[in-house]
Protein chains: 2
Amino acid sequence: MDKDLDTELFGIGQYDDFHTIDWQRDIARDRNRHRSIVRRKKESLLESFRSKHDAWAGWLCVSLVGILAGNVAGVIDIGAGWMKDLKDGICPEAFYLNREQCCWSSNDTVLENYNCAQWKTWPQLLGIARASGFGYSFVSYIIYILWSVFFSGLAALLVQTFAPYACGSGIPEIKTILSGFIIRGYLGKWTLIIKSICLMLVTASGLSLGKEGPLVHVSCCIGNFISHWPCFSKYGKNEAKKREILSAASAAGVSVAFGAPIGGVLFSLEEVSYYFPLKTLWRSFFCALIAAFVLRGINPFGNEHLVKFYVDYTRPWVLFELIPFIFLGICGGVIGTLFIRANIRWCKHRKESKLGQYPIAEVLVVALVTAMLSFPNEFTRMDSSDLIRILFSQCGIADASDLCDYKRNFTNVNKKLSNNAEAGPGVYKSIYLLVLALIFKLVITVFTFGIKIPTGLFIPSMCMGAILGRVVGIVMEQIAFQYPKLWIFGGACSTGINCMTPGIYAMVGAAACLGGVTRMTVSLVVIMFELTGSVNFIVPLMSAVMASKWVGDALGKEGIYDAHINLNGYPFLDSKEEFSYTTLAADCMKPLRNDPPLVLLTQDSMTVDDLDSLLRNSHHNGYPVVVSRESQYLVGFVLRKDLQIALISAKRTTELYENTRVFFSGNTDIFPGGDGIPQPLNLKRIVDFAPITITDQTPMETVIDMFRKLGLRQVLVTHNGRLLGIITKKDVLRHIKQLSNEDPDSVLFN
Amino acid sequence: MDKDLDTELFGIGQYDDFHTIDWQRDIARDRNRHRSIVRRKKESLLESFRSKHDAWAGWLCVSLVGILAGNVAGVIDIGAGWMKDLKDGICPEAFYLNREQCCWSSNDTVLENYNCAQWKTWPQLLGIARASGFGYSFVSYIIYILWSVFFSGLAALLVQTFAPYACGSGIPEIKTILSGFIIRGYLGKWTLIIKSICLMLVTASGLSLGKEGPLVHVSCCIGNFISHWPCFSKYGKNEAKKREILSAASAAGVSVAFGAPIGGVLFSLEEVSYYFPLKTLWRSFFCALIAAFVLRGINPFGNEHLVKFYVDYTRPWVLFELIPFIFLGICGGVIGTLFIRANIRWCKHRKESKLGQYPIAEVLVVALVTAMLSFPNEFTRMDSSDLIRILFSQCGIADASDLCDYKRNFTNVNKKLSNNAEAGPGVYKSIYLLVLALIFKLVITVFTFGIKIPTGLFIPSMCMGAILGRVVGIVMEQIAFQYPKLWIFGGACSTGINCMTPGIYAMVGAAACLGGVTRMTVSLVVIMFELTGSVNFIVPLMSAVMASKWVGDALGKEGIYDAHINLNGYPFLDSKEEFSYTTLAADCMKPLRNDPPLVLLTQDSMTVDDLDSLLRNSHHNGYPVVVSRESQYLVGFVLRKDLQIALISAKRTTELYENTRVFFSGNTDIFPGGDGIPQPLNLKRIVDFAPITITDQTPMETVIDMFRKLGLRQVLVTHNGRLLGIITKKDVLRHIKQLSNEDPDSVLFN
């Protein structure tokens, strides 16, 4: 490939929508660009500066992505917090303050649950006093429902009108994009703006969804936006390089979503990214660090700790507790798999039935049902994040909530206070409400994930797991209280101090359930301990997550993201799944027997007219070049786009006749032209003389391995040096689908 | 390849010493094995059990590796602790107890520094009372030196006599082995036993080295040992699969070394492993978990916390402190690079001069010098791990050591005690001693790392960084004490409480220095916070580590392990370095112009005699098969070893004549034999009909990428379908060396 071709013929290196990219080619293009910059480094001061800029552009770009991602996340957090409180009431003196900020200006010293005089609830504004009981509650209920439906309806309308790609969690699509697929507009500016606004709306609406997954999408949009700045053209104009920035951006997304920079990097590595060289690891690390740091500066959580669900468990765990922890892992795996199956079935139904035609109506119905059912139960009424925080926390001595209604003995002051105590009626009532909340969340999230607004899954899954964990934890705690001397507790409970803490179970349960849904492992554990700030519980967390993954994988191979990729037919060549068939390249390639023969170019025997008709009559993305039609020994490969552009530009600059010979090889001297025969056209520079080739006897597993690891777009199949056929990524995906008895035409691809 | 060939011809799939493995081939062999097991699953109960076992063998194997690694690490920790105290004295009532355990049985309530009546120091045993001042100290000094020299001399002798591979840290070699190289015996049983014993000895000897790196080697030996059990033949008999277990084992090694399971997995991923599919990630995770869990059961650190250097910093950091943190990062990068350069120069000198012939003498001299110089300074006399713990910790109020000699005001009881205080003379004395210790450690470690006993670098590097960090921290603390109202502290120091903590600086400095030496990033930060249990300091740690890496990379590209790989000429194809030259495959392949032509097989025109002479006269590892000597169209590839074995077995079972034709392709019917012409021999089954081929115009960067990502042993180079030459991994490595103006013959290879 001629290295100046890019500038010469505009448009080379670009891909059409829904096409797959050729990593090798793009990386090679970038290396050429880099070399030419290095070569010219000493020519002038400008060139020297350009070379410096080129070396630091990657770091600069990810820093900007980190800064912007941190800021956007901060704005979303603050906005969502304000809107959430808007459902309850308003600060008449300064409407832009949320309840907490509103009460800061108050002089009330008792700020229990931030109910102060400055803050007016809607019934109060309507003139209904708190004391009026049922009337007050009922009006609150109605206003809650109205706001919920309004917020989610508005979000659905915005998505529908301005940015249809802004819906969903976006992670399946980002996985597909990072694996080398083009979806134009998916990471566009409008998607960024609308998704950010809608995230505030939907988080505030009280629907059973989280904003953590969509923040990854938002962050990738930021990455895409910044990489298209002129000073980062190295990334903006090279799809393979751009994906390095996107990998870093997705790390930043998780970093700001959970305040977990290292978890973000690992999430990007384990779950999202496809091509992840070590350089990208370091950049992602840096990007996630900056993003977390900026967000810390904004401090939207408003607490001193950097972590979202800070816990401070004072006691270690005993060996016996591994049994309930693993039990929680198993439950997490089962719940996760159940959820995935139900959700996929419902999404399939939506796709196939008329339901898909009324996205806004669907959102409104889901919002209405959610609001109606969630308000009566205090655990579902509150924000999921708040619920998780409460479930994770230990019961303090002064804690007056139902969940902490223990019959503690306060009479003996000198006796060290027992952590363990008999549960009071409030605890039993809480268990009942929590079980109801679990069932409600599980059912409603199945219907919520996939509607046409931004919907994340992390928080709902963690919430389900935390509820389950807390319930199991309370049960364990009561067993330990009743039988403190059982040998299984290893003496830890005999003193009554430092025995079972239900909060730990909630934490483990949350990890297990999230693991069951997403099938993450290492990154999940790291996220959990960055989220809670407790390093001492790695072994319980790891055990539960492993159990959850094993059980989940035994019940159904795919995590939720892979299942959605499959459902939508994205051309994603999974690097986790093993290909277990014994087919050969010859079984997968085109043309198979009975197919029309391959459209070929010959290196020195075609005319301009031949090429024109070939381009008219075929629509392949590229054509192999062979020595001659008879021998079919392979010479190289030409992309359709390059051929079209080269012909157009040749027609513009030189005189071409229909019978002008076109050469695709070096040795033009064998046919020099002249004497009435027109001067031949040499298109050697557009030929890729190093196409990746395999033999027809290559096992398909090797072929798939090459596609995955080298990021190929196509390979050419030869036998004893002769060209037999071609295998594209689409052929591979269709072949896999065919072998696993699925419909091969469900793959979305051009 | 015929799938039953393995069993038929023993020895296929094995490699010679110092050879490189062919991942694609090994993985393909394993898939065939797996398929045949799955196929026979329903034949009998035994086969069904075998299939179940096959599915779980990987998990079972890594569990066993984890259990054994945890136990071995526990034994080493306990043994090293006992020997360390042996330098000081003995417990006459029960010689097998260390000082701490010895004192447990005592009834003394004051156990300051574990000096109790039960424990007898050597001078006491010799009848010299503590009170006798100089005499007591001098005898202690002499005995300390004698023990040190004895321990290290014994270790050197053991290594020299029984297991020469047990020396060094082992990480460079393990990186090379995991990248697909065979070093027989490097992971053998003797290496395991001797290295474990020597680790106790050298740790106790007080040399400036750590046992953390070598524990990775020990753990890999365990992995190798267990994978050779008959029930895990899947791993033991397949070098590519075995490396999956070794990756997991190296994660377990770090996990037990630092009590950092997640850090271990990331270390394995970032630093050690080459081929790391997600399945290996999960297995490594599990293996590290088990190992950490077993070690926790043994509890060699003897404290309640799971982490080695538990810290409990109560105050957050202020933005301004990022400046000293980044300064520490820069210092870490500079110290690391200085250390690497000096150490490599010394090791080169050792290799080239006569010094290398007296390994035991060298160890004795280093031990003697270390012991003589380290005893007088209390900070170098104590164990490096203990020093790190002290440097990391905050000064308590009752702390009487010199390092904590602050002029605190205890008169006003009601006033909240100020954390900040003016440093007393003890602190200044400590700074002086710490600076001396830093210089001493830096110099002596240069000479220690590389001597012929097990030597790790983690602890010495961290120790240097911690000293530097603590000194900088004390300086910052005193600035903050003198000028508490400076705007840069943002009001954090105006109250005098919760201001600078020198311990945090020590932690950051340790990470920076370790980062400078090893050039790790993400894994290092994770290890640091698993090691200290503090999640709140991710941003300072990350900033320092990034700064350290940038500065280090600017001063010298290689980390210590890569530098040692290069020094020893191991054939390691680094996946981090970018290949920046524009050469093509044609420039690297053999034969180049003027070389003798390639040794070839033809598919149907060779006789047994031809093959015999070909095997006699050439020593390549494999031979390409072509259609005919004239056309040279490529058919396949045959390994030398396979050809030898196939000929021998054919000679044993059938009648072969010198002129018997040998076919390497399917169509034997063109030459059926009979009528006096001997029956031809068909060796089709040993031909690999799917060799990886490239064209001569392929850029070398693509070729290197293929070698790295596909784990190739060789590629065949073609032009228009004709075979031109062959590129082996050795050719690639020599080519890289040549281009960077190094001696291409320094690559160790067969």
Are there any pairs, at least 6 apart or on different chains, whose C-beta atoms fall under 7 Å, with the first in segment B:189-208 and closer than 19 Å to B:V365 by Cα and the second crowded, with 22+ Cβ neighbours inside 10 Å and among the acidic types (D, E), and if so, which?
none
For A:F267, state whether it is within 13 Å of another protein chain (Cβ to nearest Cβ) and touching a Leu at 6+ places or on another chain (Cβ under 7 Å).
no
Restricting the first residue to segment A:353-366 and requiring it to be at pLDDT 90 or above, which pairs with a second residue that is polar (S, T, N, Q) meet a Cβ separation below 8 Å and a spacing of at least six or different chains?
A:P359/A:Q160; A:I360/A:Q160; A:V363/A:S152; A:L364/A:S152; A:V366/A:S152; A:V366/A:T448
So which residues in segment A:274-290 are surrounded by fewer than 24 Cβ atoms within 10 Å (Cβ to Cβ) and among the hydroxyl-bearing types (S, T, Y)?
A:Y274, A:Y275
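I'd like to verify a number: residues in segment A:271-290 that are assigned to a helix (DSSP H, G or I) and either more than 7 Å from every other protein chain (Cβ to nearest Cβ) or in contact with a Pro (Cβ under 8 Å, 6 or more places away or on another chain) (or both), how many?
Looking only at that region, the number is 11.
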Condition first: in a helix (DSSP H, G or I), of a type in the set (A, V, I, L, M, F, W, C) and touching a Ser or Thr at 6+ places or on another chain (Cβ under 8 Å). Can you find one or more residues in segment A:225-245 that meet it?
yes
Picking from A:I459, A:I451, the residue that is over 23 Å from A:S548 (Cα atoms), in contact (Cβ under 8 Å) with a residue 40 or more places away in the chain and crowded, with 18+ Cβ neighbours inside 10 Å would be A:I451
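State all residues of segment B:553-565 that are out of contact with any Ser or Thr (no Cβ under 8 Å at 6 or more places or on another chain) and within 20 Å of B:K351 (Cβ to Cβ); if no residue qualifies, say none.
B:E558, B:D562, B:A563, B:H564
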Condition (residue is closer than 18 Å to A:L442 by Cβ, of a type outside the set (F, W, Y), surrounded by 14 or more Cβ atoms within 10 Å (Cβ to Cβ) and at pLDDT 90 or above) applied to segment A:317-328: is it met by at least one residue?
yes
Scanning for something at pLDDT 80 or above, over 30 Å from the mean Cα position of the chain (by Cα) and buried (at least 21 other Cβ atoms within 10 Å of the Cβ), does segment A:499-506 turn up at least one residue?
yes
So A:L598, is it of a type outside the set (V, I, T), touching a residue at least 60 places away in the same chain (Cβ under 8 Å) and in the same structural domain as A:T728 (by TED's automatic domain parsing)
yes
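Would you check if B:K237 is within 30 Å of B:A28 (Cβ to Cβ), within 14 Å of chain A (Cβ to nearest Cβ), modelled with pLDDT under 90 and surrounded by fewer than 24 Cβ atoms within 10 Å (Cβ to Cβ)?
Taking the combined requirement at face value, the residue does not satisfy it.
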Starting from segment A:149-165, take each residue that is more than 23 Å from A:I183 (Cα to Cα) and list its partners that are not in a helix (DSSP H, G or I) and not polar (S, T, N, Q), counting only C-beta distances under 9 angstrom and pairs at least six apart or across chains.
A:F151/A:K87; A:F151/A:G206; A:F151/A:L207; A:S152/A:G206; A:S152/A:L207; A:S152/A:I451; A:S152/A:I453
Could you please give the count of residues in segment B:123-141 that are exposed (fewer than 14 other Cβ atoms within 10 Å of the Cβ) and either on the phi < 0 side of the Ramachandran plot or hydrophobic (A, V, I, L, M, F, W, C) (or both)?
9
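Quick grid of which residues meet (1) more than 14 Å from chain A (Cβ to nearest Cβ); (2) of a type outside the set (K, R); (3) part of a loop (DSSP other than H, G, I, E, B):
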position: B:D574; (1), (2), (3): no, yes, yes
position: B:D610; (1), (2), (3): yes, yes, no
position: B:L634; (1), (2), (3): no, yes, no
position: B:E658; (1), (2), (3): yes, yes, yes
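The rows are residues; the columns are (1) in contact (Cβ under 8 Å) with a residue 40 or more places away in the chain; (2) surrounded by fewer than 24 Cβ atoms within 10 Å (Cβ to Cβ).
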residue: B:Q478; (1), (2): yes, yes
residue: B:V525; (1), (2): no, no
residue: B:I538; (1), (2): no, no
residue: B:E558; (1), (2): yes, yes
residue: B:E577; (1), (2): no, yes
All but one of (1) touching a Ser or Thr at 6+ places or on another chain (Cβ under 6 Å); (2) within 22 Å of A:L615 (Cα to Cα); (3) at pLDDT 85 or above; (4) outside any strand (DSSP E or B) hold for A:L647, so report the exception by its number.
(1)
Residue count for segment A:678-730, restricted to those that are assigned to a strand (DSSP E or B), under 17 Å from A:L573 (Cβ atoms) and within 7 Å of another protein chain (Cβ to nearest Cβ):
2
Based on this model, can you work out whether A:L611 counts as at pLDDT 85 or above and among the aliphatic types (A, V, I, L, M)?
yes
Of all residues in segment B:518-549 being in contact with an Asp or Glu (Cβ under 9 Å, 6 or more places away or on another chain) and over 19 Å from A:T532 (Cβ atoms), which is farthest from the other protein chains (Cβ to nearest Cβ)?
B:T518
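The values are calculated or read from the model by the stated rules, or taken from the named source; none is laboratory data. The shown structure was predicted, so the numbers you read here are calculated from the model rather than taken from an experiment. We place every Cβ from the backbone using ideal geometry, glycine too, and count neighbours over all the protein chains shown.
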